[in-house]
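Read the structure below first, then the notes.
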Amino acid sequence: MKKHIILGVTGGIACYKMLDVASKLRKLGYEMNTIMTQNACEFVAPLSFETITNNYVVTDTFARPHKWEVEHIALAKKAELMLIAPATANIIGKVAHGIADDMLSTTVMAARCPVVFAPAMNTAMYENPIVQENIAYLKEKGYLFIEPDKGWLACGDLGAGKLPAPEVLVDYVTELLENRSDLGSEAEQDLKDKHVLITAGPTIEAIDPMRYITNHSSGKMGYAIAKDAVSRGAKVILVSGVTQLECPEGVERVNVKSARDMYEAVHQHFEWADVVIKTAAVADYRSKAISEHKIKKDNSHLTLELVPNPDILQSLGEKKTHQVLVGFAAETQNVLEYAKEKITKKHLDFIVANNIAEDGAGFKGDTNIATIIESSGAVTAYEQMSKLQLGHVILDKVKAYL
């Protein structure tokens, strides 16, 4: 049974992003109620949240309750986390000063679960000393905060105050609920000073100066593992193909393009590593010849001759000494059979297999459905979960091998 979340949506322009947050959390199986302030309803209709969460939205303290109960108390009791986003200066100030004059602020006052604020407002408002004092005071009282991003704001200003991307909010919530008892304290350092080498993302194989061969990998799985590994005390090197993802704080990223680039980078750091996790989707083939100039269209057939790329994972398996070696098998058929073949052929300790054609398990998404197969023959299947959660499962398994 998944946990219950209350989404508190206030009247910032960024509240439309919370529809995506609600959708992603719903797909992960969480139950949600949404409390919207009157100002939030000016930006997004409550019906939108009701449709996505499959639950009624509360907007009015004095509306007749859906059940015979004191609604703000009932909601506060069943919630295992409250996420207030976008959190305006108004709601932050109210809570800091104990003001409870609408359903959202009243429910926060009654809540015993973790309450997370994601501030979003104009830069000058966010940097206002009063707002900063309120945030500092709430942190002292145990409230949690997701720092805003910097960038162009809706008002045209440039600076801090942007609501982070929905993926960031979802990752924070799932990590708090599933993996850590309290993100406000130091996470368990069970991988302290271990050296973890991770590959992520796609590789790119040039055809000419304009065109290339690649795949649909987003890199999200590898980046999620890197984020969790560094939070557990590991020293992490992330060898990454071209992605749109931000490098997790504390992780050393090595940027590569082609499979041969990745081969060189991984072998350069292999002896340093205690653990190698190969999530990257490496192109199996590259063009035999790269044209110096753009290949012009002449309405005739074009034959592209391909040659195999080096098998990075197999090359590591053949030379490993003390390293724990983890592979990934992204397949569309005979998933377990192909994955088991890779364990033996590539000398892996275990492999994470998934069917990329299965809904919720493919590239670019925020979730995965995986089966871990160990060299001993043990097979463990996991239900759909966020990639951050799966990263935690994988690192727990790695810890056992270490």
Q.
Can you list the strands (runs of 3 or more DSSP E) lying wholly within region 336-385 that have 2 or more residues being in contact (Cβ under 8 Å) with a residue 24 or more places away in the chain and under 30 Å from LEU25 (Cα atoms)?
A. 350-355, 371-374
**Q.** Pair list, Cβ under 6 Å, 6 or more apart: region 1-23 residue farther than 18 Å from CYS41 by Cβ, other residue in a helix (DSSP H, G or I) and hydrophobic (A, V, I, L, M, F, W, C)
**A.** LYS3/LEU177; SER23/ILE52
Q.
I'm trying to understand the selection: among the residues of region 322-335, which are touching a residue at least 40 places away in the same chain (Cβ under 8 Å) and either loosely packed, with under 13 Cβ neighbours inside 10 Å or within 16 Å of VAL276 (Cβ to Cβ) (or both)?
A. HIS322, GLN323, VAL324, LEU325, VAL326, GLY327, PHE328
**Q.** Near pairs, Cβ below 9 angstrom, 6+ apart or cross-chain, from region 297-310 (closer than 13 Å to ALA206 by Cα) to any residue that is surrounded by 10 or more Cβ atoms within 10 Å (Cβ to Cβ) and acidic (Asp, Glu)
**A.** LEU306/GLU205; LEU306/ASP284; ASN309/GLU205; ASN309/ASP284
Q. Taking region 143-153 only, how many residues are of a type outside the set (Lys, Arg) and exposed (fewer than 13 other Cβ atoms within 10 Å of the Cβ)?
A. 3
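Just name the residue that is surrounded by the most Cβ atoms within 10 Å (Cβ to Cβ) out of those in region 349-385 that are among the β-branched types (Val, Ile, Thr) and over 19 Å from the mean Cα position of the chain (by Cα). Break it down into steps so the answer makes sense when it comes.
Of region 349-385, the ones among the β-branched types (Val, Ile, Thr) are 351-352, 356, 367, 369, 371-373, 379-380.
Checking the rest, the ones that are also over 19 Å from the mean Cα position of the chain (by Cα) come to 351, 371-373, 379-380.
Numbers: ILE351: 26, THR371: 17, ILE372: 19, ILE373: 24, VAL379: 13, THR380: 12.
Per the stated criteria, the residue is ILE351.
Any read-out appearing in this document is the output of simple, stated calculations on the displayed coordinates, not a laboratory observation. Remember, it's a predicted structure, so these values are computed and weren't measured experimentally. Positions of Cβ are backbone-derived with ideal geometry, glycine not excepted, and every protein chain shown enters the neighbour counts.
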